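The values are calculated or read from the model by the stated rules, or taken from the named source; none is laboratory data. Bear in mind the structure is a predicted one, so any value in this text is a computation, not a measurement. With ideal geometry, Cβ positions are generated from the backbone for all residues, glycine too; neighbour counts draw on all protein chains shown. Remember, those area values only see protein heavy atoms, side chains included, never the ligands or the DNA or RNA. Shrake-Rupley method; radii C 1.70, N 1.55, O 1.52, S 1.80 Å.
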Amino acid sequence: MNVNEKIKALRTEMKRIGVQAYIIPSTDAHLSEYVATHWQGRAYLSGFTGSAGTLVVTETESGLWTDGRYFIQAERQLAGSGITLYKMGQEGVIDFPQFIVDQMPQGGCLAFDGRMVSGALGSQLEAMLARKQAQILSTEDIVDLIWKDRPGLSEAKAVLLEERYSGRATAQKLEELRAVMRQEGAESLLISTLDDLAWLFKLRGDDVLYNPVVLAYGCVTLEKAVLYLNPRKLSESDRQALSALNIEIKDYDTFLGDVAALTAQTVWADPQKLNYAILRAIPRHCRRIEKTNPIVL
């Protein structure tokens, strides 16, 4: 299919589901800028291959927002597609959240894959669409319905760095992290950013081209840590090394279910670093600390 046919197919699915606007970001479930091929739905649908940009499709309009690094490239790649280029940061150019609100009919519905949108952006859209009494549907990966030969997730092996390369032992990093958690009164910390996980667990991999990261999630409590990834990625010796640090290995796909089952009373959940689906999965009884993920510091 060419780009026009893909957008038409997307609108057909939107109509079937009953949504008036759909967002396709450039990110993956970890809000990365550089992503594995599996997550490159925006490039697949629009033909624009830059690392940053957001595609929005409504019943009658489609637009792509990108920054000044990509204006020339986007103009060339979007030519003839029917997708309007919105040059971010230029005077008079509307941003895509306001575009969605303007296009949204009263009582309409916006959809996106909640794994691909930050918690902060999801909350912003909720607030902005409230004036239109519009709903948000965050469980639909419509791209997957259209992208018939979509690549699967990487099966590349992961390794643990030796301490002589990483500088500090994982045990020491966990100890320092838990000290900050105690200061803030947090019983659990949710982690999804791949570079943060790489640093904390000395984890390296080949899941994203030119980036030494592994597709994974993490949850650190005051007593233990859980690393969620494809278990086949790790050697038996690396598994044992993590187990010795009281780090449990669980399957990548079980993370959201475990978040929904959290028993902790206070959860550190950075809305800039966690996706909308994760934040929505946190049980209502949990008090949230919505501060910058302490690993960043």
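Looking at (1) part of a helix (DSSP H, G or I); (2) under 19 Å from the mean Cα position of the chain (by Cα), can you tell me which one LEU110 breaks?
(1)
At least 1 residues that are of a type in the set (Gly, Ala, Ser) in each: list the helices (runs of 4 or more DSSP H) lying fully within segment 12-106 that qualify.
Result: 41-46, 71-78.
Which members of segment 102-116 meet the condition of being over 20 Å from ALA281 (Cα atoms) and touching a residue at least 40 places away in the same chain (Cβ under 8 Å)?
Result: GLN103, MET104, PRO105, GLY108, CYS109.
Are there any helices (runs of 4 or more DSSP H) wholly within segment 117-171 with 1 or more residues that are in contact (Cβ under 8 Å) with a residue 40 or more places away in the chain, and if so which?
The helices (runs of 4 or more DSSP H) meeting that bar are 119-129, 142-146.
Scan segment 203-233 for residues that are crowded, with 22+ Cβ neighbours inside 10 Å and charged (D, E, K, R) and report the count.
Total satisfying the criteria: 2.
Find the residue count for segment 104-139, including only residues that are under 22 Å from ALA52 (Cβ atoms) and among the β-branched types (Val, Ile, Thr).
Of the residues in segment 104-139, 1 are under 22 Å from ALA52 (Cβ atoms) and among the β-branched types (Val, Ile, Thr).
Listed here are the residues, each with its yes/no results for (1) open to solvent by less than 40 Å² (accessible area, probe 1.4 Å); (2) of a type outside the set (A, V, I, L, M).
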position: ASN2; (1), (2): no, yes
position: HIS30; (1), (2): yes, yes
position: ALA43; (1), (2): yes, no
position: GLY50; (1), (2): yes, yes
position: THR58; (1), (2): yes, yes
position: ARG69; (1), (2): no, yes
position: GLN73; (1), (2): no, yes
position: ASP113; (1), (2): yes, yes
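Residues that are under 21 Å from the mean Cα position of the chain (by Cα), open to solvent by 20 Å² or more (accessible area, probe 1.4 Å) and on the phi > 0 side of the Ramachandran plot: does segment 256-271 have at least one?
No, every residue in segment 256-271 fails to be under 21 Å from the mean Cα position of the chain (by Cα), open to solvent by 20 Å² or more (accessible area, probe 1.4 Å) and on the phi > 0 side of the Ramachandran plot.
So is ALA156 touching a strand residue (DSSP E or B) at 6+ places or on another chain (Cβ under 7 Å) and either among the charged types (D, E, K, R) or surrounded by 14 or more Cβ atoms within 10 Å (Cβ to Cβ) (or both) or not?
No.
Return the residues of segment 172-192 that are open to solvent by 30 Å² or more (accessible area, probe 1.4 Å) and part of a loop (DSSP other than H, G, I, E, B); say none if nothing qualifies.
GLY185, GLU187
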